[in-house]
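A short write-up of the structure that comes next.
The values are calculated or read from the model by the stated rules, or taken from the named source; none is laboratory data. Here the structure is a predicted model, which is why all the values come from computation and not from measurement. All Cβ positions, glycine included, derive from the backbone under ideal geometry; neighbour counts span all protein chains shown.
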């Protein structure tokens, strides 16, 4: 496992849960990005500052960091986060953060953005498609309602969605994510038990530490009357 995969595994659960909440929060609003002002607008009522990450190009199936996109003349003000990630990569030998461009087979925009947003406490990310590719950026200062702890049922949904869509270390991802959500963790050689508010999540792993079974004992949710 390389350094990027380990980092992504540690942060992807929390970042993915935020993205689910963020998607529900903005709904089906259209987006508009103003690079010069450094803001994104959703619909006519939501506006947030952004930090650029980079772009995916369909033609050559590649990622290019915004700090390396010299032809675009981006303001340094909206490159602070991606430059900080490059510096973080220098310190921790994470090539995906320091190489200016690479194939999406190495890491795609969603994986990079999930790792980037997971390292920050107050942001989500957005993929803005355009003809020939997509721009990825962090969305800052989103409301606190996007960052609630998930319950057990939601945690199972996040875990199953992550392992179905992203190449991560299952054990590291589960342990890190459930700890971040306030669950009490019980570890054994092939199993993680996570307990919160009388709900229990049971995760079984195979010899390669990949999830073989996930389930739980969940208390029924009381409907409001």
(request) Answer yes if at least one residue in region 86-94 is in contact (Cβ under 8 Å) with a residue 12 or more places away in the chain, part of a loop (DSSP other than H, G, I, E, B) and under 26 Å from residue 170 (Cα atoms), and no otherwise. (result) yes
(message) Need the failing condition index for residue 55 against (1) at pLDDT 95 or above; (2) farther than 15 Å from residue 127 by Cα, just the number.
(response) (2)
(request) Would you check if residue 81 is in contact (Cβ under 8 Å) with a residue 60 or more places away in the chain and within 17 Å of the chain's Cα centre (by Cα)? (result) no
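Is there a residue in region 153-162 that is closer than 30 Å to residue 69 by Cβ, under 15 Å from the mean Cα position of the chain (by Cα) and not assigned by TED's automatic domain parsing to the domain that holds residue 33?
For region 153-162, residues closer than 30 Å to residue 69 by Cβ, under 15 Å from the mean Cα position of the chain (by Cα) and not assigned by TED's automatic domain parsing to the domain that holds residue 33: present.
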(request) Identify, from the list 87, 93, 61, the residue that is surrounded by fewer than 16 Cβ atoms within 10 Å (Cβ to Cβ) and in contact with a strand residue (DSSP E or B) (Cβ under 8 Å, 6 or more places away or on another chain). (result) 61
(message) Step by step: first the residues of region 132-162, then only those that are assigned to a helix (DSSP H, G or I) and surrounded by fewer than 19 Cβ atoms within 10 Å (Cβ to Cβ), then the one that is modelled with the lowest pLDDT. Which residue is that?
(response) 145
